[in-house]
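What follows is one structure encoded as structure tokens, with my remarks underneath.
The values are calculated or read from the model by the stated rules, or taken from the named source; none is laboratory data. Worth saying up front: this structure is predicted, and the values here are computed from it rather than measured. Here Cβ is always computed from backbone atoms with ideal geometry, including for glycine, and neighbour counts include all displayed protein chains.
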Amino acid sequence: MNKVMTIFMALGAVLVWVGVAFGSDMADPCSAVTLASLRHQVPIPPAKILSKRAVGGMCEVILDIRGQYVPVYAGPDYVIAGEMFKDRRQVTQETITGLRAKRFRALKNDVDKCVAMTLKPSSGKADKTVYMITDPVCPFCHRAETQLREFADKYRAEFKLILYSVHPPVGRRKAVEAVCRGLSAEEYLDGKWKQENLTDKYQCKAGADLIKRTEELARKMGIRGVPMFYLSDGTLVR
């Protein structure tokens, strides 16, 4: 009996909390939410607030922590870390997707300066542009790269390849090599150049400078893994 009572008491507490959190009549639950108020409830490393909006009586806050988007939901005296789902939709991810697209558009000039090579349709003009961030020594990237020609021709798309290695120093040197060789997109995707073991021979300032710019871009965009695909409007394709 005591166990049953404990369960119902806990359930009652949850229902009361839900009623407070989701049924609040606060005009703007975000009005008093700041980094200072969040840190009063939970330790937060150096960060900045990217967005705030009222959701379900709480304040949805997206933090930028070292380039990563971190969502929390805050009230007057609590902070909840994690994502929100509603009607089977990832409410939090919708916000983050919009922020990623906005950041991509803001960095568009830098993105274009980091393109190492472009794969165009075999015939005709491309109707759309896809940016692929890839790593020369990433097996998952290679698997995706084997399908680029088919997709480029089928969907009349051009793929702009940006070389960013998450496997330094080997991957970084391979990325520099690809640039210094002056490879076309077709030659890069063919992959035979990787087997020639000429990485030491093809290291040049132009290649190193491009990869350095790309690494800085990846830091600004919060990219930690590859491959990644972006449409020209900043939409992240998963």
**OP:** Among residues belonging to region 205-238 that are assigned to a strand (DSSP E or B) and at pLDDT below 95, point out the one that is farthest from the chain's Cα centre (by Cα).
**Re:** Val237
Subject >> Members of region 106-161 that are within 17 Å of Thr235 (Cβ to Cβ), among the aromatic types (Phe, Trp, Tyr) and in contact (Cβ under 8 Å) with a residue 60 or more places away in the chain >> reply: Tyr131
Original post:
In the set Arg105, Arg143, Arg149, Arg89, which member is of a type in the set (Lys, Arg), out of contact with any Lys or Arg (no Cβ under 6 Å at 6 or more places or on another chain) and over 30 Å from Tyr188 (Cβ atoms)?
Top reply: Arg89
Subject >> Yes/no for Gln147 being surrounded by fewer than 19 Cβ atoms within 10 Å (Cβ to Cβ), over 25 Å from the mean Cα position of the chain (by Cα) and assigned by TED's automatic domain parsing to the domain that holds Cys114 >> reply: no
Subject >> From the options Asp28, Asp64, residue that is closer than 30 Å to Gly225 by Cα and at pLDDT 90 or above >> reply: Asp64
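Quick one: count up the residues across region 32-59 that are within 22 Å of Asp87 (Cα to Cα) and either not in a strand (DSSP E or B) or not aliphatic (A, V, I, L, M) (or both). Explain how you work it out, then say what you get.
Kept after step one, since they are within 22 Å of Asp87 (Cα to Cα), are these residues of region 32-59: 52-59.
In the following step, the residues that additionally are either not in a strand (DSSP E or B) or not aliphatic (A, V, I, L, M) (or both) were identified as 52-53, 56-57, 59.
Selection size over region 32-59: 5.
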Original post:
Just for region 166-204: of the residues that are in contact with a Cys (Cβ under 8 Å, 6 or more places away or on another chain) and in a helix (DSSP H, G or I), which one is surrounded by the most Cβ atoms within 10 Å (Cβ to Cβ)?
Top reply: Val176
Subject >> Selection from region 60-80 of residues that are part of a strand (DSSP E or B), farther than 18 Å from Gln90 by Cβ and either in contact with a Phe, Trp or Tyr (Cβ under 7 Å, 6 or more places away or on another chain) or of a type outside the set (D, E, K, R) (or both) >> reply: Ile65, Ala74, Gly75, Tyr78, Val79
Original post:
Would a scan of region 88-95 turn up a residue that is at pLDDT below 95, farther than 22 Å from Arg39 by Cβ and in a loop (DSSP other than H, G, I, E, B)?
Top reply: yes
**OP:** Mind listing whichever residues of region 53-81 are in contact with a strand residue (DSSP E or B) (Cβ under 8 Å, 6 or more places away or on another chain), under 18 Å from Ile223 (Cβ atoms) and of a type in the set (Val, Ile, Thr)?
**Re:** Ile62, Val70
Original post:
Picking from Ala81, Ala74, Ala101, which residue would you name as being surrounded by 17 or more Cβ atoms within 10 Å (Cβ to Cβ) and among the small types (Gly, Ala, Ser)?
Top reply: Ala74
**OP:** Please enumerate the residues belonging to region 105-128 that are assigned to a strand (DSSP E or B) and either surrounded by fewer than 16 Cβ atoms within 10 Å (Cβ to Cβ) or touching a Pro at 6+ places or on another chain (Cβ under 8 Å) (or both).
**Re:** Thr118, Lys128
